[in-house]
Structure formats: C-alpha cells, structure tokens
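The values are calculated or read from the model by the stated rules, or taken from the named source; none is laboratory data. Bear in mind the structure is a predicted one, so any value in this text is a computation, not a measurement. So basically every Cβ, Gly included, is an ideal-geometry build from the backbone, and we count neighbours across all protein chains shown.
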Amino acid sequence: MSIIEEVKRRRTFAIISHPDAGKTTMTEKLLLYGGAIHQAGSVKARKAQTHATSDWMEIEKQRGISVTSSVMQFNYNGFCINILDTPGHQDFSEDTYRTLCAADAAVMLIDGAKGVEPQTIKLFKVCRMRGLPIFTFINKMDRASRPPLDLIDEIEKVLGIKSYVMNWPIGIHGDFKGVYNRQAKQVELYQKGQDHGAKKAALTVTSLEDEALAEKIGPSYQAELQQDIELLDEVGESFDLEKVRAGLLTPLYFGSAITNFGVETFLRSFLELAPSPLPKMSNEGLVQPTDADFSAFVFKIQANMNPGHRDRLAFMRICSGQFTPNMEVKLQRTGKILRIVQPQQFMAQEHKAVSEAYAGDIIGVFDPGNYRIADTVTLKNESFSFGDIPVFPAEHFARISPVDSLKRKAFVSGIHQLAQEGAIQIYKEYGIGTETYVCGVVGVLQLDVLEVRLQNEYNVAIRRQMLNYHIASWVDQSEGEVDLDTLNLTSTTMKVLDQDEQPVLLFESKWAQDWALEKNPKLKLLSIREK
Ligand code: G4P
C-alpha cells in the first residue's frame, strides 16, 4: 500500500468521559468488533488486576491502575484505528490532556442518566481549543435515562456545541426498545443479551412503516416515535460534515455499550465521518500526513519506576512519512541523531514491536533520557519544529522541600528535570527572599509519582504540604508587562512564577478569581498557556 492509502485508512481518536460513564466498556467493545479481542471482559479484568503489561511502572503495579495513558491499535473494515486512552479517576493527569494533542477526533461518552459531568467538561474544553471533531455517544440507554431533548439541550448550553441526532432512542424509562437510525431510516431493535455483551451481537432492523412495529415496540411508542422524528426533521440541526470536522457540530448517538447495542453502528458511522490524520502546523507551515519525510512529536513520557531500569518510554505521534525499524532520526532540540531501535505499539493487552508505521500512528520508544514533551523528531532540516504543547492548568498544589536540607541541590535539579519532562509543574513563590517551591499537578497521583521518582532517581526524600488552592491562572502579558506588586488581590491569593518565569496567580476559589478581575480591570487571566 502507498503512504497515501495508509494515511487515508487511519483514524486516531481519544475517548473522553467522566469516570464511570463506560469508557473502559466502550473501548473493549470497539476492540471486540475490531477483532483485537475475542471476548469482552479482558480489558476490564486488566483494569482490576495488577497487570503484567506495564512492568516498568512500579507504582502502577502497587496500585493496580494505569498511571499514564496508552494507545491501542486495531483494524476494522479496512480501517486502521488508533484509540488513545485518556484515564479518569485518580490517575487523571496532564498526560490525559496532552494525549488529546495527539488525536484527530474525540468520542465523548456520556452516561444517559447523568448527562454532562465535570471531567467531561474539562476534557471537552481541550478538544474545543484544538478544534477537534467530537462525536457523542450517550451510553447506558438500557437503563432509565434523562429525556434525550434535555441531554441535547445540556450539551448545547454547558459545552456550547450543537448536535445532530444520528439515532433516536425508543423507551427511556428503563424499558429500552431500540433506536431509530435517521441515516438508514430504520428502526434498530434492542435485544437484551445474557452475557454483558461478551460476544458480538446481531442487529435486528425494521422500518417505520412495518405493520408489526407497534407489536415490537408498543403502539404508544410507535406514535411517539413518529412525532419525535418529524419534530427532529423540522426543528433539529441539519447535518453539515464541514461543521462536524471543524468541531462545531457533534453527531449524537444513543446506545448501550455493555450490551453492545449501537456500538458497531456507531463505529461504522464514526469511521465514515471522522477525518483521517490531519496536517500538522510547524514553524515552516503545514506538514501533510502524506509527505514522504518522516516527522513526529513526543506527547508523553512514561517513566520507569524501577530503579534498576532507568529507561522511560517516549510516546510519539507520527505526523508524516513512514517509520521503519532501526531508522535514524534527528531530535531537533539537540541536533542529536538517534536510532529508533525497538519501538512498541500497543494492541489490547500486549505490546508488540513495530514493523512499519504512518501518520496517525503512535509509537512508544525506549528512552534513556533523550526526549522531552513536545520534542520534534524528523529527518528534515535544522530549524524545523512542531512547536510546544500547551501547558494546562494545575488543580492541586503542594509546597515541597527536601527532608534533608543538605540535599537541596539534588532536589532542585530533580524537580527542574521532572518539570521539563512534563511530569509536574513547578512554581517559585514571588517576592520571597529564599526560594521556596510550589508544585502544581492536574491529578494528585502525579505527586506520588514525583515523590517516588525523586527518591529513586535523585535519592532525595521530600516533604510536601498540600495548599488550599484550586485554580491557577496565568497573567496575560501579551499587551504589556503587568506589575505583580500593585495587583489588588485577596489576602490568600498567591503570586508565583512558572518554569519560564511567567507570572501565575493561585486562587482558593472562583470567588477569589472573580475578585481579582473586578478589582484590577486591566488584568487578563489565561487558563491554558499556549507557549
Ligand atoms: P469508565 O471506564 O468510564 O470508568 O467506566 P466502565 O466502563 O468501567 O463502566 C462503569 C460501570 O458502568 C460498570 O459497572 C459498567 O459495567 C457499567 N456500564 C458501562 N456501560 C454500560 C451500559 O451501557 N449500560 C449499563 N447498564 N451499564 C454500563 P460496574 O458495576 O462498576 O462494573 P461491573 O460490575 O459491571 O464490571
């Protein structure tokens, strides 16, 4: 196959959701339909067990969770699909956000009974910022759910995106009957499976005109369905692929991942509507995925927690060209030529050596310490670069210091190294004589990782004092420097400088943030910093 054909058949996306909406279940069902697993239940089991796959992550083993997001690849109907995992729960971290920088589309999974939840909002904002096309799957329709129009309204009001209903649910009070597929103009009947949908399910379809439909879904549901469809056709959004691709309109599907209902229909529709790998902006203009020259950027570094194995895994998203094993590439930041010897690709439970990869694919490269987040790797000329990955706002803060003050030098070098790698954000307190450090993280688990890594790699034990801040905002300096000393702030608001000496304000609450904006009319705050 040519590079053009390989690129065209690729789809790289992330599933975003609030914990418990059913992301693991959905991922597993997609793998089931893609033939990557033969029986659902295995990914789930992996989630619960201490697993053998990521043995480089000691902390992962101890806790039985996945600390950093990984990627899974499978084939379906001639498409090559890369699903980027964005973990929820306590393992939510900056990696979760950064992973979205490596995706070309996002699938937003919503629990039909709960609607839009906080973590979904956070992840959605990042997708929005990147202009990613977003596909919405309203899950758990086999149970009682909120009225579909309510959910659509909430998505529009809370997230600010209009939706196009692809299929419409019948029976939302725990008596789910199926959906009406608006594209195929057919009713798809729900059949309750016995085994949590461990095996693929066959789909039973019928038409709206079918005389036996009333018997199948009940006469009142049939009448209601007809009205609903007419209403949707009249007042609903019209379908516009350009708007979908621009992230302005989200195709909306209803289904039940656990019973497999609607999963395959969703997958087929998604593959048809979602874009193949997109061109990526560099300092030399747009790089087309079909360009022959190899280029990639690092979006995640997974450190080895085992002191016996200092190596890490750098995850790269390929942007153009073809990757072949033992390829020599140049790390643009240092100019160093590196041979990529043993890259890994991840497939359901195991990882395997990569024999070839194209734009849209993610490879994990063993890294003795060469790479940093946002590094550009290519064979192109000296100055070529894809630029930085945005810095996302931390939500948990701790003042950190070495237990043994004689180890201060190793401590400072350790935290700077880890901050550069993207594992944590560090700030210096502003206007304080001695240098005290505040560490900011998106997920609290990053603090545990910090502690283990400083101990293992720098032989430094740390003390941490959690601080009661929840919001970090960068002070916008684009229209001239702001004098931090003259800002009128609440007594508890903390002024700090980030790794690049950029001013940041740490607020205890939204109220304190609003206060700052009100008392300082010229102050502009940024929640995400585009470097
Ligand atoms: P997550 O990765 O987003 O956190 O969610 P996960 O897939 O683990 O699903 C969370 C819970 O929701 C699980 O129940 C799962 O079985 C259930 N679930 C997922 N999809 C559906 C669905 O379509 N319908 C219904 N009714 N439930 C669904 P659990 O009790 O936590 O686990 P388990 O006992 O089922 O394994």
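Within the range 127-157, the set of residues being more than 19 Å from ILE15 (Cβ to Cβ) and under 25 Å from the mean Cα position of the chain (by Cα) comprises ILE152, ASP153, GLU154, GLU156, LYS157. Screening the candidates THR86, THR136, THR96 for the property of being at pLDDT below 95, within 19 Å of LEU267 (Cα to Cα) and within 15 Å of the ligand (Cβ to nearest atom) yields one hit, THR86.
Can you pull out every residue in the range 486-531 that is out of contact with any Lys or Arg (no Cβ under 8 Å at 6 or more places or on another chain), exposed (fewer than 10 other Cβ atoms within 10 Å of the Cβ) and under 23 Å from GLN425 (Cα atoms)? Residue satisfying the conditions is GLU501 alone.
Residue by residue, here is whether (1) closer than 20 Å to PRO390 by Cα; (2) outside the structural domain of GLU429 (by the TED database); (3) in contact with a Leu (Cβ under 8 Å, 6 or more places away or on another chain) holds:
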| site | (1), (2), (3) |
| --- | --- |
| ASN456 | no, no, no |
| TRP474 | yes, no, yes |
| LYS495 | no, no, yes |
| GLN499 | yes, no, no |
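Screening ILE389 with (1) surrounded by 15 or more Cβ atoms within 10 Å (Cβ to Cβ); (2) assigned by the TED database to the domain that holds ASP476; (3) β-branched (Val, Ile, Thr) gives one miss only, at (2). Are any of the residues in the range 487-503 assigned to a helix (DSSP H, G or I) and within 22 Å of ALA398 (Cα to Cα)? Among the residues of the range 487-503, not one is assigned to a helix (DSSP H, G or I) and within 22 Å of ALA398 (Cα to Cα), which makes the answer no. Being at pLDDT below 85, within 16 Å of the ligand (Cβ to nearest atom) and not charged (D, E, K, R) holds for only one residue in ALA201, ALA214, and it is ALA201. Residues in the range 4-30 that are assigned to a helix (DSSP H, G or I), under 18 Å from the mean Cα position of the chain (by Cα) and of a type in the set (A, V, I, L, M): MET26, LEU30. For the range 254-274, a tally of residues being modelled with pLDDT under 95 and among the acidic types (Asp, Glu) returns 1. In the range 416-444, the qualifying residues are those that are part of a loop (DSSP other than H, G, I, E, B) and in contact with a strand residue (DSSP E or B) (Cβ under 7 Å, 6 or more places away or on another chain), and the one that is nearest to GLN502 (Cα to Cα) is TYR430.
With respect to the stated conditions, PRO251 is closer than 25 Å to LYS157 by Cβ and not β-branched (Val, Ile, Thr).
The C-beta contact set for the range 163-180 (first residue closer than 19 Å to ASP233 by Cβ, second residue among the polar types (S, T, N, Q) and in a strand (DSSP E or B), distance under 6 angstrom, 6+ apart or interchain) comprises SER163/THR250; ASN167/ASN181; VAL179/ASN167.
Scanning the range 16-38 for residues that are within 6 Å of the ligand (Cβ to nearest atom) and farther than 11 Å from ILE110 by Cα returns THR24, THR25. Pairing each residue of the range 20-34 that is assigned by the TED database to the domain that holds LEU109 with any residue that is more than 6 Å from the ligand (Cβ to nearest atom) and among the acidic types (Asp, Glu), provided the two are 6+ apart or on different chains, yields C-beta distances under 6 Å for ALA21/ASP111; TYR33/GLU264. Per this entry, LEU273 is not counted among residues that are within 16 Å of the ligand (Cβ to nearest atom) and touching a Leu at 6+ places or on another chain (Cβ under 7 Å). Restricting attention to the range 244-263, and to residues there that are closer than 14 Å to MET166 by Cβ and in a helix (DSSP H, G or I), which single residue is farthest from the ligand (Cβ to nearest atom)? Residue satisfying both the conditions and the ranking: VAL244.
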